[in-house]
Amino acid sequence: MAKLVFLLPLLPALATAAAVDFVKDIQPIFRKHCYGCHGANKQEAAFRLDHKASALKGGDFGAAILPGHADKSPLMHAVLGSNPKMRMPRKGDPLMPRTLRNLRHGLMTAPLGRKAPARS
């Protein structure tokens, strides 16, 4: 048991990662930060996040969500501000670190209800 003490600092991060639920934790992020420009009433760049099939299809710039590959997903690059000219959300403050972690984890594990690909 004493040998596992070094893992104690990791427990909060592991608990957060395991606790992310797409419907409960990810859709509210989209609702709060994205639907104003990418929702039912408005679809900038022909991209819509409030509708599963549309979100997975992408918009004018192609697919923004790559199921199981959050780090390669243009959506994650946009919310991280990798390219300041393409940072999302355009209006308002950048997403908080915890929100970014939850979004990344949600896109890695079960984006829009789809299962992540098996690891080889």
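The values are calculated or read from the model by the stated rules, or taken from the named source; none is laboratory data. Just so we're clear, the structure is a prediction, and the values are computed from it rather than from any experiment. Reconstructed Cβ throughout: ideal geometry from the backbone, glycine too, with neighbour counts over all protein chains shown.
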Within region 32-47, can one find any residue that is at pLDDT below 90 and out of contact with any Gly (no Cβ under 6 Å at 6 or more places or on another chain)? no
Based on what the data block shows, is PRO9 part of a helix (DSSP H, G or I) and modelled with pLDDT of 90 or more? no
Hits in region 43-62 (condition: in a loop (DSSP other than H, G, I, E, B) and surrounded by 15 or more Cβ atoms within 10 Å (Cβ to Cβ)): PHE47, ARG48, LEU49, ASP50, GLY58
What single numbered condition from (1) modelled with pLDDT under 90; (2) touching a His at 6+ places or on another chain (Cβ under 8 Å); (3) loosely packed, with under 11 Cβ neighbours inside 10 Å fails to hold for VAL20? (3)
Exclusive hit being touching a Ser or Thr at 6+ places or on another chain (Cβ under 9 Å) and not small (Gly, Ala, Ser), set HIS105, HIS69, HIS77: HIS105
All positions within region 63-77 that are over 21 Å from ARG90 (Cβ atoms) and in a loop (DSSP other than H, G, I, E, B): LEU66, PRO67, GLY68, HIS69
Near pairs, Cβ below 6 angstrom, 6+ apart or cross-chain, from region 25-52 (free of Cβ contacts under 8 Å to residues at least 12 places away in the same chain) to any residue that is hydroxyl-bearing (Ser, Thr, Tyr) and outside any loop (DSSP other than H, G, I, E, B): ARG48/SER54
Unmet criterion (only one of (1) at positive phi; (2) in contact with a Phe, Trp or Tyr (Cβ under 7 Å, 6 or more places away or on another chain)) for HIS38: (1)
Please list, ordered by first then second residue, the pairs with beta carbon atoms under 7 Å, 6 or more apart or interchain, first in region 59-83 and more than 11 Å from MET108 (Cβ to Cβ), second charged (D, E, K, R) and surrounded by fewer than 18 Cβ atoms within 10 Å (Cβ to Cβ). ALA78/ARG87; GLY81/ARG87
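Table: residues versus (1) surrounded by fewer than 10 Cβ atoms within 10 Å (Cβ to Cβ); (2) over 20 Å from ASP50 (Cα atoms); (3) at pLDDT 90 or above; (4) more than 13 Å from the chain's Cα centre (by Cα).
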{"residue": "PRO67", "(1), (2), (3), (4)": "no, no, no, no"}
{"residue": "MET76", "(1), (2), (3), (4)": "no, no, yes, no"}
{"residue": "SER82", "(1), (2), (3), (4)": "no, yes, yes, yes"}
{"residue": "LYS85", "(1), (2), (3), (4)": "yes, yes, yes, yes"}
{"residue": "LEU95", "(1), (2), (3), (4)": "no, no, yes, no"}
{"residue": "ARG104", "(1), (2), (3), (4)": "no, no, yes, no"}
{"residue": "LEU107", "(1), (2), (3), (4)": "no, no, no, no"}
{"residue": "PRO111", "(1), (2), (3), (4)": "no, no, no, no"}
{"residue": "LYS115", "(1), (2), (3), (4)": "no, no, no, yes"}
